[in-house]
Amino acid sequence: MSDSEKLAAFFKADKSFDRIMKELLKKFEKYGEVKGTVTINNASINECEAANSIINPKSAFDPPFLRFKVADFERGIKGSRYKESELKNVLEAYFNTVIVTNKDKKLMKEQAKKEFFNSIICAHIGSSSEKWLKAMPDECKYGYIIVIREFEYSDLNTRNMLDNICKAVDSRIEYYYEPVQLAVLSAKITGNSHYFDSNTVAGKLLIHALAYLADIKEYKNAEEIKAVYAEYSIEPDSISCAAVAIGIRLLYGDRREHPAFNAFADLGDICLISSSNLNGIEYADSDNKRVYIVENQMVFSALVDVAKECRSSLMCTSGQLKTAGLKLIDMLIQNGCDVFYAGDFDPEGLQIADKLFQRYENNELFHIWRMSYQDYIRIEKSEDEISEQRLKRLNNIRMPLLVQTADAIKSVKRPAYQELLIKEMIEDMKSAALMTV
């Protein structure tokens, strides 16, 4: 047994040295060498006597105050019969451990974080989420603090959670034109419909990832978070999945009409069609096979009477296209109805229209309505200027007709709204009705 081990055994045999040894260990972990001062403010007489039996030079301690230099303690053991011992070795033998300094611990911790992120990034190279994974540790933002907190608790669980978030992000970027409820997305990726709820850790990180990739800077309140979801056609709740409409008939698989919506269609009354209303519905129809869809509620209200007169169907998306609305459009087109979509002349309005174009690109029954370059140029523009961040969204527009409109908006940098085209829309609806008589 070495002198250090013998001295450690000596200290262990006397409980008066217990707190003294713990304080000495703290100093070694802090400095990594014989440095600093041990202070115990509530020391017992036995602890003071124990310390004084070792340190060199001796000191007249006045219990309960005990204070001595670490160097004096080591000088004392060097002058004892265990003179071959080193204080560091004594402490390691006493606590049966290898002393690692706080600095080394910090370096090891940082290295572990770096290796963790590198492994996650490597697993998602080439994916849409890779950019977010790289930005987190590089800038210590976009959910980084949350990830580190979870990593320190469990690196395996955090890895699994990030994998799930990346799958969700990648799927929404690939199919952003097809709305999905948040609960459905959660269940599809993880089997748990509440996994990505906005109050869960995974849900918060999903919002961080989506906002970063969409270059959205502010997303603290409910409305801003809703805007992040809308960017990727994610619907946070079932209530937001409804479409306002008149003149749409819903039919079961045997072609029987849904009795409630049959009455709404016969009366020409406005109704709200939710995703749950469409359970069991396999067909949707319009009396004159023409369905007009507008983004703005005011425009919808202005066109209701002419839609009744023309026996046309009319829908309002109230901004982003929702699950119920998309399912209705699918069924209407499959049933041979011509669908005409009109949105506002701003980046968001063109994005919605372009999403629909991508979904129905090869279908002659889908039409973009009153969103051409000529329509934008000849109506009055808003005084509000579109930010450069929002204008960037127009760079991804694919439909040729909308590309021309997008170029004009990027040049003028001011939005225009479909309320100013209500007169032309009414004329379009009446002319089409006359042609079908």
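The values are calculated or read from the model by the stated rules, or taken from the named source; none is laboratory data. Here the structure is a predicted model, which is why all the values come from computation and not from measurement. In this analysis, Cβ positions are derived from the backbone assuming ideal geometry, glycine residues included, and neighbour counts consider all displayed protein chains. When the accessible area is computed, the model is the full protein with side chains, heavy atoms only, and any ligands, DNA or RNA have been set aside. Shrake-Rupley method; radii C 1.70, N 1.55, O 1.52, S 1.80 Å.
Worth a mention:
- Breaking point among (1) touching an Asp or Glu at 6+ places or on another chain (Cβ under 8 Å); (2) surrounded by fewer than 21 Cβ atoms within 10 Å (Cβ to Cβ), for residue 179: (2)
- Within segment 395-418, the set of residues being in a loop (DSSP other than H, G, I, E, B) and open to solvent by 60 Å² or more (accessible area, probe 1.4 Å) comprises 398, 413, 414, 417.
- Residue count for segment 208-236, restricted to those that are open to solvent by 30 Å² or more (accessible area, probe 1.4 Å), modelled with pLDDT of 90 or more and either within 20 Å of residue 318 (Cβ to Cβ) or among the small types (Gly, Ala, Ser) (or both): 0
- Scanning segment 24-63 for residues that are more than 14 Å from residue 88 (Cα to Cα), among the acidic types (Asp, Glu) and exposed (fewer than 15 other Cβ atoms within 10 Å of the Cβ) returns 49, 62.
- Residue check, residue 239 open to solvent by less than 50 Å² (accessible area, probe 1.4 Å), of a type in the set (A, V, I, L, M) and either within 36 Å of the chain's Cα centre (by Cα) or at pLDDT 80 or above (or both): no
- Taking segment 342-369 as the range and being more than 25 Å from the chain's Cα centre (by Cα) and closer than 25 Å to residue 387 by Cβ as the test, the residues that pass are 342, 343, 344, 345, 357, 368.
- Criterion violated by residue 308 - all others in (1) more than 26 Å from residue 414 (Cα to Cα); (2) part of a loop (DSSP other than H, G, I, E, B); (3) charged (D, E, K, R) satisfied: (2)
- Qualifying residue in segment 125-146 (condition: assigned to a helix (DSSP H, G or I), open to solvent by less than 20 Å² (accessible area, probe 1.4 Å) and touching a residue at least 40 places away in the same chain (Cβ under 8 Å)): yes
- Among residues of segment 362-394, those that are closer than 17 Å to residue 329 by Cβ, assigned to a loop (DSSP other than H, G, I, E, B) and open to solvent by less than 50 Å² (accessible area, probe 1.4 Å), counted: 3
- Residues in segment 311-341 that are more than 23 Å from residue 179 (Cβ to Cβ) and either surrounded by fewer than 24 Cβ atoms within 10 Å (Cβ to Cβ) or among the charged types (D, E, K, R) (or both): 311, 336.
- Selected residue (criterion: surrounded by the fewest Cβ atoms within 10 Å (Cβ to Cβ)) from residues of segment 64-94 that are of a type in the set (A, V, I, L, M, F, W, C) and out of contact with any Lys or Arg (no Cβ under 8 Å at 6 or more places or on another chain): 65
- Among residues of segment 197-227, those that are in a loop (DSSP other than H, G, I, E, B) and under 9 Å from the mean Cα position of the chain (by Cα), counted: 1
- Of everything listed in (1) open to solvent by 30 Å² or more (accessible area, probe 1.4 Å); (2) in contact (Cβ under 8 Å) with a residue 24 or more places away in the chain; (3) touching a helix residue (DSSP H, G or I) at 6+ places or on another chain (Cβ under 9 Å), the single unmet condition for residue 116 is (1).
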